[in-house]
Amino acid sequence: MKRKFLILLLLIIVYSGSWAQLFNKAQTDFTGVMQPVTTWIDYGNDNNLKAYLAGDYYQNDNHRVVARTNTYYNKNRFKNISTILPALYRGDADAGDYDADGDDDIIVTGLTADNNLIMRLYRNDGGQRFTNIKEIFVPITDGSVEWGDYDNDEDLDILATGKQFNNQLSTYIYRNDRGIFTQTEPGIPGIYNGNATWGDFDNDKDLDILVTGNNGSKPFTAVYANSNGKYGRVVQQLIPLKNSAGAWGDMDNDNYTDFIVSGEDIDGYPVCMIYKNNGGAFFSEVAVAIRPLRGCSIELGDYDNDLDLDILMTGESLERPYSNVYENKGNFDFENIMAGLPGVADGNALWGDYDNDNDLDILIAGITICYDFIGDIYTNTSDPPKKEETNNIFINSPMPSSKVGPFYYYVFSSCYCDPEGGDNNAYHMWVSNVHLQTKRYELNHKFNDLLLKEVPNWGKADRGYRTSNGFETKHKGEISRNQVIESYKATNFKIHEINW
């Protein structure tokens, strides 16, 4: 029987809370792109961040590669400014003041429109004037680049990982000595479709490295400790991931740097894990109610000024792309605030306070499920009070929570179809009851098995089901389930319950 299912992945579930929209879309002069190369840049005397966004898109089946730099000029409006920063895609960018002259310079990697790999440093020479510095860097793509002072000599070095023109993978540190860069090999495997990032996990005042991605043969995640400028792998088994991203941050305010990773495991399933830092000696896994995403970006920042780190993520689940903001409630409890951002694949999202109003705004780019190319800035309207400086040497740190899962979930799926296999297509939605999940994906597999029995021509290859966020209590899960059902009913879906 010919299969006539069209999985509905376009439904937007409207959050029915009482809060107004927190992040509002600003007016920019960007072209929407996927596979972005992007960063905020701080230069000039206006105290406002500029946004550099490059990437690729398709117009009438023609491949385009573009770059624009936007500056804020009044009331949530941006205008384009002319710079020599290049048009790139499948790369990365980071801004930092490598020559200590008070304004940001920028390092970029990626592919040009002519499919040439580059890695270039652009020095800011005042205002919007940039100069391409003729340093010899190994060109890479599909990786990451980041500034950081790993040798504590008070100038910024470069950490770069990715794929070279011959598909060789590399991770290099470029040591900055008064503006002259020397390539060094830290003994860390190269990866692609992932990132390498600095962070001091052992509080010894030097930068260690977290790396995650595909190492050429398999998923890979590891931490490397800096000992007098030499790097050695921390002997601890971490979940290996590919198509992944990682970020450092003290998420429980105990003065030790934790980290979060999300990506695709060896079986192709999205996984998200936080690793709690236990006194700089070892990490322990913390199961969290955060939607796991692959092909993702992760940023930590305090968007609500409550002195803890919140999470900004983009990427794909098994069924569609998401862009989520999670508020840190303490003790590794993160709540999705339904920020209203467009879900993007092949994308990136960055925190940055572009208007200097003491709250973090969002720069986001990528491609939506409707094949719309996104390049937008969202303004944070929370207007929190300024953080008070304190000289108190005693810090109130919350006790670690023993509540790290398992969590309650429900599973649901939808289609425009005829469940009987005929031509009477209509909108249908199937939803499970709420269950405690003790093994990864056990509810998905159970749901799909029962769905196949009820709808025999629902293809096994279809991953059209969606798993809810995790909930600490069954009651919270049931409230969310009822809201989802009502939202589908409001758009004329016929509801089918699959309970066990």
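Taking K79 as the residue in question, decide whether it is open to solvent by 50 Å² or more (accessible area, probe 1.4 Å) and in contact with a strand residue (DSSP E or B) (Cβ under 8 Å, 6 or more places away or on another chain).
Details: open to solvent by 50 Å² or more (accessible area, probe 1.4 Å): yes; in contact with a strand residue (DSSP E or B) (Cβ under 8 Å, 6 or more places away or on another chain): yes.
Spelling it out, K79 is indeed open to solvent by 50 Å² or more (accessible area, probe 1.4 Å) and in contact with a strand residue (DSSP E or B) (Cβ under 8 Å, 6 or more places away or on another chain).
Here are some residues: I106, I81. Which one is in contact with a Ser or Thr (Cβ under 7 Å, 6 or more places away or on another chain) and under 23 Å from I173 (Cα atoms)? Step by step, each of I106, I81 is checked, and only I106 is in contact with a Ser or Thr (Cβ under 7 Å, 6 or more places away or on another chain) and under 23 Å from I173 (Cα atoms).
If you go through segment 109-143 and keep only what is touching a Ser or Thr at 6+ places or on another chain (Cβ under 6 Å) and either over 27 Å from T71 (Cα atoms) or of a type outside the set (A, V, I, L, M, F, W, C) (or both), you end up with G110, L117, R123, D125, Q128, I140, G143. Of the residues making up segment 284-332, those that are over 16 Å from A345 (Cα atoms), of a type in the set (G, A, S) and either assigned to a loop (DSSP other than H, G, I, E, B) or in contact with a helix residue (DSSP H, G or I) (Cβ under 7 Å, 6 or more places away or on another chain) (or both) are A287, A289, G330.
Only one of the numbered conditions (1) within 29 Å of the chain's Cα centre (by Cα); (2) at pLDDT 80 or above; (3) surrounded by 13 or more Cβ atoms within 10 Å (Cβ to Cβ) is violated by E472, and that is (2).
Looking at the structure I just gave you, is N62 open to solvent by 70 Å² or more (accessible area, probe 1.4 Å) and free of Cβ contacts under 8 Å to residues at least 60 places away in the same chain? Yes; evaluated as a whole, the condition is true for this residue. With the requirement that a residue be surrounded by fewer than 15 Cβ atoms within 10 Å (Cβ to Cβ) and either without any contact (Cβ under 8 Å) to a residue 60 or more places away in the chain or in a strand (DSSP E or B) (or both), what does segment 475-494 give you? Within segment 475-494, H475, I479, N482, E486, K489, A490, K494 meet the criteria.
Whether a residue is small (G, A, S), closer than 24 Å to F78 by Cα, assigned to a loop (DSSP other than H, G, I, E, B) and in contact (Cβ under 8 Å) with a residue 12 or more places away in the chain was assessed, and G343 passes this test.
Quick check on this structure: which one of F181, F130, F165 is modelled with pLDDT under 95 and in contact with a strand residue (DSSP E or B) (Cβ under 6 Å, 6 or more places away or on another chain)?
Numbers: F181 fails: modelled with pLDDT under 95; F130 fails: modelled with pLDDT under 95.
Checking each option against the conditions leaves just F165.
For segment 13-129, please list each of the strands (runs of 3 or more DSSP E) lying entirely inside it that holds at least 3 residues being more than 25 Å from I158 (Cα to Cα).
The strands (runs of 3 or more DSSP E) meeting that bar are 23-25, 50-59, 62-74, 77-81.
Within segment 130-165, the residues that satisfy the criterion of being farther than 26 Å from D56 by Cβ, outside any strand (DSSP E or B) and either open to solvent by less than 30 Å² (accessible area, probe 1.4 Å) or among the small types (G, A, S) (or both) are Y150, D155.
The values are calculated or read from the model by the stated rules, or taken from the named source; none is laboratory data. Please read these numbers as outputs of a predicted model, since none were measured by experiment. All Cβ positions, even for glycine, are placed from backbone atoms using ideal geometry, and neighbour counts span all protein chains on display. Each accessible area value is taken on the protein alone, full model and side chains, heavy atoms only, with ligands, DNA and RNA left out. Shrake-Rupley method; radii C 1.70, N 1.55, O 1.52, S 1.80 Å.
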